[in-house]
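Since every read-out is calculated from the coordinates, none of them should be taken as a lab result. Just so we're clear, the structure is a prediction, and the values are computed from it rather than from any experiment. Don't worry about glycine lacking a Cβ; one is built from the backbone with ideal geometry, like all the others, and counts go over all protein chains shown.
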Amino acid sequence: MGSVRLTGKGRRWLLKGHRWIYRDDIAAGEAQPGELIPVEDPNGNPLGWGLYSSASKIAVRLVTPDAAQPNRDFWAGRVRRAISARERMRLLSPEGACRLIAGDADGLPGWIVDLYGRVAVASSSIQGSDRMRDFLLELLVEELPFELDAIVERSDASVRRLEELPMRVELLQGEFTSPLVVEEPGLSYEVDVYEGHKTGHYLDQRDNRMRAAERAEGRRVLDAFCYDGLFGVRAALAGAKSVVCVDQSAPSGERVLRNAERNGVSDLVSFERANCMQDLRRRAEAGEQYGLVVLDPPAFARNKREREGAERGYVELNRRAIDLVEPGGTLVSASCSYNVKSENFVHYIAKAALAAGREVFLEELRGASPDHPHLLHLPETNYLKCAFLRVE
Ligand SMILES: C[S@@+](CC[C@H](N)C(=O)[O-])C[C@H]1O[C@@H](n2cnc3c(N)ncnc32)[C@H](O)[C@@H]1O
């Protein structure tokens with residue numbers, strides 16, 4: 001079995017509660033790709049156990065600070081803990097959808113499981129979770145309080161390249177009819193688990209969509225970067241006058257229209273395929289005004305180097321969106337870039353408001369739905385910001 005011994009800096013970092021050990025903080029030792037190994041301080045004292053990566057800058061992800069080696073009961077306990085947290089959130093049901101296991105945030109590094117009804121979609125992003133895949137799936141089946149129809153693997157996130165892992169998308173067990181249809185309270189929608197983004201759907205925005213819909217009654221709504229249009233469909237269900245959904249992806253557009261039809265709001269919801277950067281400017285130049293604008297772009301800063309460009313992007317985009325909001329209307333502006341902190345994001349929106357010459361009030365700053373927990377000692381698990389703003 002491999003093991004690693006940390007530098008003094010690495011030890012201090014870990015004792016502050018952080019869970020990721022960077023390669024520079026390892027003084028000696030090595031291990032097999034994905035191996036579960038003991039971590040020691042510079043004097044050989046135990047600091048816990050972690051999953052080793054032979055490729056990533058994050059050399060070890062700590063699983064436990066205990067000296068005892070994690071055994072089957074330990075891993076079953078981690079899976080059980082994640083499941084019972086979703087049960088307490090009232091999100092666990094064989095009809096609905098939730099993020100059942102949120103990787104590092106649930107103490108299961110690199111391992112995500114989204115549940116769409118009775119279909120589990122698992123995504124592994126590091127060598128450790130790849131090595132443990134079959135074992136973790138066995139525990140999942142044992143611990144879930146209901147039977148699954150199928151398990152799909154969607155291990156194709158670009159971060160796998162940093163771990164030198166191949167992309168894998170396959171049906172692992174059982175069968176189901178595609179596309180899946182999921183029922184949330186008051187909304188049903190389809191999920192394409194093979195071709196859709198992430199595991200097929202953006203579960204992290206579930207609660208923000210419901211909150212945004214509360215501001216939709218009697219208003220014209222623009223859902224920019226709409227994906228499957230669920231901010232828009234929720235708004236239409238809540239009494240919006242009309243909803244325009246915009247995204248550059250054609251398959252998303254087809255799902256928007258089918259989702260609108262499934263929920264009986266086809267007459268209110270339309271889809272336009274366009275690049276939102278140009279589309280928002282065109283709408284502003286045409287003098288269009290909306291009572292609710294939703295802005296949910298992809299991450300602009302995927303790493304620290306991209307931060308500067310991201311600032312320009314967020315300021316520019318929010319400026320265009322603010323131009324489109326009628327006085328007293330709402331802008332819901334999201335950023336899923338972990339590398340842009342909440343206070344910076346709000347600062348970018350403030351710059352946009354100044355450039356637009358409008359007074360803008362931050363009514364609420366929200367995060368991801370609670371099934372995407374933020375582990376306090378791992379800031380990387382806090383990535384989504386969703387600002388609810390009144391524009392005068
Ligand atoms: C974070 S997702 C939006 C999620 C969505 N709001 C929801 O609630 O499910 C970002 C979306 O932006 C789209 N997109 C990315 N760049 C774009 C661009 N320049 N113009 C239009 N759409 C874009 C992607 O196709 C993707 O659907």
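Please list, in chain and number order, the residues 5+ apart from LEU378 or on another chain whose amide H is under 5 Å from its amide H, with Hs placed from the backbone.
The list, which skips near neighbours in sequence, is empty: none.
What lysines could a cross-link reach from LYS9, if we take a straight Cα to Cα line under 29 Å and drop same-chain neighbours fewer than 8 places away?
Correct list for LYS9: LYS57, LYS304, LYS341.
Rounded to whole Hz and in sequence order, give me ³J(HN,Hα) for segment 150-162 from the Karplus expression 6.51 cos²θ - 1.76 cosθ + 1.60, θ = phi - 60°, writing x for Gly and Pro.
Here the 3J(HN,Hα) series is 7, 10, 10, 9, 10, 9, 9, 6, 4, 4, 4, 5, 5 Hz.
Tell me, what ³J(HN,Hα) does each residue in segment 205-211 have, in order and in whole Hz, if you take phi through Karplus 6.51 cos²θ - 1.76 cosθ + 1.60 with θ = phi - 60° and put x for Gly and Pro?
Couplings: 9, 3, 6, 5, 5, 5, 5 Hz.
State to the nearest 20 debye the size of the charge dipole of segment 202-391 about its Cα centre, where the only charges are +1 on K and R beta carbons and -1 on D and E beta carbons.
Values: 28 positive and 27 negative charges, 43 e Å.
Here segment 202-391 has a charge dipole of around 200 debye.
Using 0.36 nm times the number of residues separating ASP156 and LEU257, minus their current alpha carbon distance, what extension gain do you get?
Length difference between fully extended and current span is 33.7 nm.
Ignoring everything except DSSP H segments at least 4 long, calculate the 222 nm mean residue ellipticity for the chain; use -39,500 (n - 2.57) per segment, divide by total residues, nearest 500.
-8500 deg cm²/dmol
For segment 91-191, compute Rh as the Kirkwood radius over C-alpha pairs and then the Stokes-Einstein diffusion coefficient at 25 °C and 0.890 mPa s; write the answer in µm²/s, rounded to an integer. Before the final figure, lay out the partial values.
Working: Rh = 14.0 Å.
Diffusion coefficient, whole number: 175 µm²/s.
Restrict the search to segment 1-71; then list the trypsin sites (Lys or Arg not before Pro) that DSSP places in a loop and that have at most 12 other Cβ atoms within 10 Å of their Cβ. It would help to have the intermediate numbers written out before the result.
Details: sites: ARG5, LYS9, ARG11, ARG12, LYS16, ARG19, ARG23, LYS57, ARG61; in loops: LYS16, ARG19, LYS57.
Passing both the DSSP loop test and the Cβ count: LYS16, LYS57.
Over the chain, calculate the relative contact order: mean separation of alpha carbon pairs under 8 Å at least 6 apart, over the residue count, as a percent. Can you show the working numbers first?
Numbers: 846 pairs, mean separation 42.0, N = 392.
Reported as a whole number, the value is 11 percent.
Would you mind telling me the antiparallel percentage of the DSSP bridges in the chain, rounded to 5?
The antiparallel proportion sits near 65 percent.
Taking H placed 1.01 Å from N in the peptide plane, check which residues at least 5 places from VAL60 or on another chain put their amide H under 5 Å from its amide H.
Amide H neighbours of VAL60, under 5 Å, 5+ apart: ILE21, SER53.
What cysteines in the chain have no other cysteine with a beta carbon less than 4.7 Å from their beta carbon?
Cysteines lacking a close Cβ partner in the chain: CYS98, CYS276, CYS336, CYS386.
So which GluC sites (Glu not before Pro) in segment 35-100 pass both tests, a DSSP loop state and at most 15 other Cβ atoms within 10 Å of the Cβ?
Listed in order of number, the matching sites are GLU95.
Compute the semi-axes of the equivalent ellipsoid of the chain, taking the square root of 5 times each eigenvalue of the Cα gyration tensor, and list them largest first in whole Å.
Each semi-axis is √(5λ); the values are 39, 26, 17 Å.
Take the Cβ-Cβ distance between GLU359 and SER266 as r, set R0 to 30 Å, and report the resulting FRET efficiency rounded to the nearest 0.05. Could the numbers behind the result be given before it?
Numbers: r = 37 Å, r/R0 = 1.22.
Approximately 0.25, to the nearest 0.05.
Specify the inter-centroid distance of segment 72-94 and segment 342-385, based on alpha-carbon positions, in whole Å.
Using only Cα atoms, the two centres lie 29 Å from each other.
Report the extension gain between GLN32 and GLU95 in nm, rounded to one decimal, defined as 0.36 nm multiplied by the number of residues separating them, less their alpha carbon distance. Intermediate results must be reported in sequence, preceding the final value.
Working: separation 63, 0.36 × 63 = 22.68 nm, distance 4.03 nm.
That pair, GLN32 and GLU95, stretches by 18.6 nm at full extension.
Please list, by residue number, every one of the GluC sites (Glu not before Pro) in segment 294-391 that is coil in DSSP and has at most 12 other beta-carbon atoms within 10 Å.
Working: sites: GLU306, GLU308, GLU311, GLU316, GLU343, GLU359, GLU363, GLU364, GLU380; in loops: GLU359.
Passing sites in segment 294-391 are GLU359.
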